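Just below is one structure, and these are the notes that go with it.
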There are 2 protein chains.
Amino acid sequence: MVTIGEAARRSGVGIELIRYYERTGVVTGPERSQAGRRQYCAAEVHVLRFIRRCRDLGFSLAEAKSLLGIASSEQLACGDAQSVGQRHLESIRQKITDLQQMEAALVQLMLPCKAGQQDCSMLDTLLEGPESDWPPQDRCLNI
Amino acid sequence: MVTIGEAARRSGVGIELIRYYERTGVVTGPERSQAGRRQYCAAEVHVLRFIRRCRDLGFSLAEAKSLLGIASSEQLACGDAQSVGQRHLESIRQKITDLQQMEAALVQLMLPCKAGQQDCSMLDTLLEGPESDWPPQDRCLNI
DNA sequence: TCTTGCTCCTGTAGCGCCTACAGCTTGCAA
DNA sequence: TTGCAAGCTGTAGGCGCTACAGGAGCAAGA
């Protein structure tokens with residue numbers, strides 16, 4: 001049984017963030033000491049580390065919670081975990097593609113300025129330029 | 001002079017978003033009709049489109065506002081715009097690199113499951129696996 | 001003229017994922 | 001005993017939207 005500070009150190013999840021996860025139901029609250037302090041057992045520290053690893057891999061908290069549920073269910077449902085992972089992998093690849101297109105568009109936009117022209121074609125294009133084909137109008141681009 | 005609905009249509013920025021931009025000082029509010037309705041001139045619609053293009057390219061609202069300031073200043077400071085753009089380009093490239101490493105780590109994590117083993121090594125690794133070298137501990141990974 | 005239906009208005013609250021602070025109590029060592 | 005670190009709760013802020021409630025204005029048709 002360790003304190004929240006020690007749990008934070010061992011899991012790599014900050015103290016405030018641990019309390020936030022508890023408050024929002026991502027993890028269940030641990031036992032409390034008589035004085036009301038949180039006391040974490042090894043398994044609970046494992047869970048925190050699990051969440052952190054999921055977050056490091058870009059999973060949302062909802063996905064992390066879902067994977068945690070799969071991982072701690074009686075019958076180990078590998079297929080379920082695989083499909084969560086696969087969906088996530090596709091979303092990562094989509095983001096990479098979007099960012100690469102963004103990068104290309106930005107490079108294109110900034111290129112003419114390097115020629116040392118008088119006007120800044122970058123700002124001109126942003127202000128009045130033609131409609132580019134980027135971004136496609138029908139896709140969400142909150143990256 | 002057009003209504004907010006028409007300005008939204010012409011600029012590609014939603015009505016609620018236009019009001020949000022005005023409320024948060026990204027753009028200045030337009031004239032009002034006697035009944036208190038917003039009335040946009042062509043230049044104001046241009047500004048909205050400028051903001052949208054910046055956002056499409058991944059600039060933050062603060063950066064967009066800054067670029068707008070540069071674009072509408074008397075002496076056209078192309079160098080300033082270039083440096084904002086260059087910094088942004090580097091951050092896009094950093095994000096791409098991070099995502100690619102994330103992708104590789106995820107593929108690595110999910111690979112062994114495909115072999116049809118009894119245990120799900122993906123979940124096992126997330127739960128108890130060794131510390132991977134990804135992510136590096138000293139970098140922000142909120143992507 | 002009246003009604004219908006669209007557009008517009010303000011204000012507020014919610015999302016996801018934290019981060020930070022105020023103001024308090026507890027625990028431990030010197 | 002004193003002093004400080006570490007814990008506690010509750011609340012607010014940041015980013016960039018999005019969505020609603022509850023009202024007012026406006027143009028076109030019956």
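The values are calculated or read from the model by the stated rules, or taken from the named source; none is laboratory data. What you see is a predicted model, and the numbers here were worked out from it, not measured in a lab. For neighbour counting, all protein chains shown are included, and Cβ atoms are generated from backbone atoms with ideal geometry for every residue, glycine included. The area values use the complete protein model at the heavy-atom level, side chains included, leaving out ligands, DNA and RNA. Shrake-Rupley method; radii C 1.70, N 1.55, O 1.52, S 1.80 Å.
Tabulated data for the structure shown
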read-out	value
B:ARG9/A:ARG23 FRET efficiency (R0 51 Å; Cβ-Cβ; nearest 0.05)	0.75
Test item: Cα-centred dipole of the range A:4-59, Lys/Arg +1 and Asp/Glu -1 on Cβ, debye	80
Alpha carbon convex hull of the range A:4-59, volume per residue in cubic angstrom	74
Debye equation applied to the C-alpha atoms of the range B:78-128, log10 I(q)/I(0) at 0.32 Å⁻¹	-1.07
Rg over Rh [alpha-carbon atoms, Kirkwood Rh] for the range A:1-109	1.13
Inter-copy label distances at A:ARG32 (7 Å, Cα→Cβ; nm, one decimal)	5.0
Residue among B:LEU123, B:CYS113, B:GLY85 farthest towards the positive dipole end of the range B:78-128, charges placed on Cβ	B:GLY85
Total accessible surface hidden between B and A, rounded to 100 Å², 1.4 Å probe	4600
Dipole magnitude (debye, nearest 20) for the range A:78-128, charges at Cβ of Lys, Arg, Asp, Glu	220
Threshold 50 Å², the range A:48-85 residues less accessible with all protein chains present than alone (1.4 Å probe)	A:PHE50, A:ARG53, A:ASP56, A:LEU57, A:LEU76, A:CYS78, A:GLN82
